[in-house]
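Below: the structure, in structure tokens.
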Amino acid sequence: MLLSHEKEQRLLKETRKRLDELEKLPSLHKDASISQMLQSRGISRRDFMKWATAMTATLALPASFVPLTAKAAEIADRLPVVWLHMAECTGCSESLLRSDGPSIDSLIFDYISLEYHETIMAASGWQAEENLESAIKKHHGQYILMVEGGIPSGSTEHCLTIGALGHTGAENARKAAEGAKAIFAIGACSSFGGIQAANPNPTAAQPLSKIITKSVINVPGCPPSEKNIVGNVLHFLLFDALPPVDAFNRPIWAYGHRIHDLCERRGRFDAGEFVQRFGDEGAEEGYCLYKVGCKGPYTFNNCSKLRFNSHTSWPIAAGHGCIGCSEPQFWDKMGPFEEPMANHLFQTAFGGEGADKTSDKIGIAILSAAAIGIAAHAALSAIFKDKGE
Ligand code: FSX
Ligand code: SF4
Ligand code: F3S
């Protein structure tokens, strides 16, 4: 960690102060406290602190922040969240809510004050629309807005019409964005348009950032992992600031490295051991999936480190290559999904050069401990910058 001791202490002090202030606000949660919720699911305090330790490291924060990450989770019920659905499959919400045993991440998401979320709220019809109106009014200037799904626009905007009042998705997004304190586009669809925006894009679907004028943090993936969704809420609780982002407005703490850099099959890639076709001997041996289309060398995300569904598995462990689901326009640009794309050139977060030309150079550079330290330092320096230091 390259952060000086003095800066770390100062940031700790500021964060503690902020959390103490937040704690004084009334809980917006109607049911049990987070400790009671965890206890009733058989999750011990020890497991919770282990989770806080892992989440602190994931957010590229020093270990001294572990108690603060735990506290931020404990007072997550002070933060109102409005979650809107647009054109999508609800996979992003499912990623959080439908793991077979609820993970600590999903419990924390449940514990956040979700003032409006169409999938999980009991209300429907007129009552649901009223709930949205009143949440936006009541928490004006205070709530986090999370939007899932691509948004039809222009002459086809009406293709997404929601509820009895006949509002379009774009109208709802604009209205909810007005009073939001921070705005996150959850999933590939909301971040970059997703499958709705894939060629020929019949509804002129757009990413959230093209529909509203306020700045948007993109949390792509189809779907993004539960950690990437909850981590952003925790970051906001801790620092009252948006996380530092890359060229595509993705938080660096989550999207700062390529899938390829930390892939469990990377040794096979380096040794030239490739699956030649699905089901062959190499596939059984766990060889690298590059030749059957893995897009891990072009894709920035932390799946290879954090996996999905409480660290159970992820696409490459399941035997299929990464399809690049956290990259802009991946449906159009990453295909064919089961063939390598050695001759394709497209924009990555590193610029316009074809990733194949540079993959090994980049891999070695990013894998070095120094580079990881620099990324963590960049993340923390940006927090200082945000605070005018
Ligand atoms: Fe689905 Fe979300 Fe993909 Fe899109 O995830 S998992 S189509 S990113 O908006 O619901
Ligand atoms: Fe892993 Fe894919 Fe890279 Fe092979 S090409 S090491 S499977 S990310
Ligand atoms: Fe998506 Fe690739 Fe991760 S397909 S889920 S970014 S491994």
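Given the criterion touching a residue at least 60 places away in the same chain (Cβ under 8 Å), in the same structural domain as His167 (by TED's automatic domain parsing) and farther than 25 Å from Ser304 by Cβ, identify the matching residue among Leu84, Leu96.
Leu84 is the lone residue from the list that is touching a residue at least 60 places away in the same chain (Cβ under 8 Å), in the same structural domain as His167 (by TED's automatic domain parsing) and farther than 25 Å from Ser304 by Cβ.
Let's see how each residue does on (1) within 16 Å of ligand 3 (Cβ to nearest atom); (2) outside the structural domain of Glu327 (by TED's automatic domain parsing); (3) touching a Gly at 6+ places or on another chain (Cβ under 6 Å); (4) in contact (Cβ under 8 Å) with a residue 12 or more places away in the chain:
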{"position": "Pro200", "(1), (2), (3), (4)": "no, yes, no, no"}
{"position": "Lys210", "(1), (2), (3), (4)": "no, yes, no, yes"}
{"position": "Ser215", "(1), (2), (3), (4)": "no, yes, no, yes"}
{"position": "Leu237", "(1), (2), (3), (4)": "no, yes, no, yes"}
{"position": "Pro243", "(1), (2), (3), (4)": "no, yes, no, yes"}
{"position": "Phe274", "(1), (2), (3), (4)": "no, no, no, yes"}
{"position": "Asp280", "(1), (2), (3), (4)": "no, no, no, no"}
Inset, instruction - All but one of (1) within 10 Å of ligand 2 (Cβ to nearest atom); (2) within 18 Å of the chain's Cα centre (by Cα); (3) under 23 Å from Trp51 (Cα atoms) hold for Phe308, so report the exception by its number. - result: (1)
Legend entry - Of the criteria (1) in the same structural domain as Val81 (by TED's automatic domain parsing); (2) modelled with pLDDT of 95 or more; (3) over 28 Å from Thr168 (Cα atoms); (4) more than 16 Å from ligand 3 (Cβ to nearest atom), which one Ala204 fails: (3)
Legend entry - Residue in the stretch 119-126 that is surrounded by fewer than 24 Cβ atoms within 10 Å (Cβ to Cβ) and closer than 25 Å to Trp51 by Cβ present: yes
Legend entry - Test for Leu114: is it assigned by TED's automatic domain parsing to the domain that holds Val219 and either modelled with pLDDT of 85 or more or in contact with a helix residue (DSSP H, G or I) (Cβ under 7 Å, 6 or more places away or on another chain) (or both): no
Legend entry - Members of the stretch 74-127 found to be touching a Gly at 6+ places or on another chain (Cβ under 7 Å) and more than 16 Å from ligand 3 (Cβ to nearest atom), listed by number: His85, Met86, Ala87
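To keep it simple, each residue is scored yes or no on (1) of a type in the set (A, V, I, L, M, F, W, C); (2) in contact (Cβ under 8 Å) with a residue 60 or more places away in the chain.
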position	(1), (2)
Asn232	no, no
Tyr255	no, yes
Glu285	no, no
Leu306	yes, yes
Ala318	yes, no
Cys322	yes, yes
Phe330	yes, yes
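The values are calculated or read from the model by the stated rules, or taken from the named source; none is laboratory data. On a predicted model such as this, the values are computed, not experimentally measured, just so you know. Methodologically, a virtual Cβ is constructed for each residue, glycine included, from the backbone with ideal geometry; neighbour enumeration extends over all protein chains shown.
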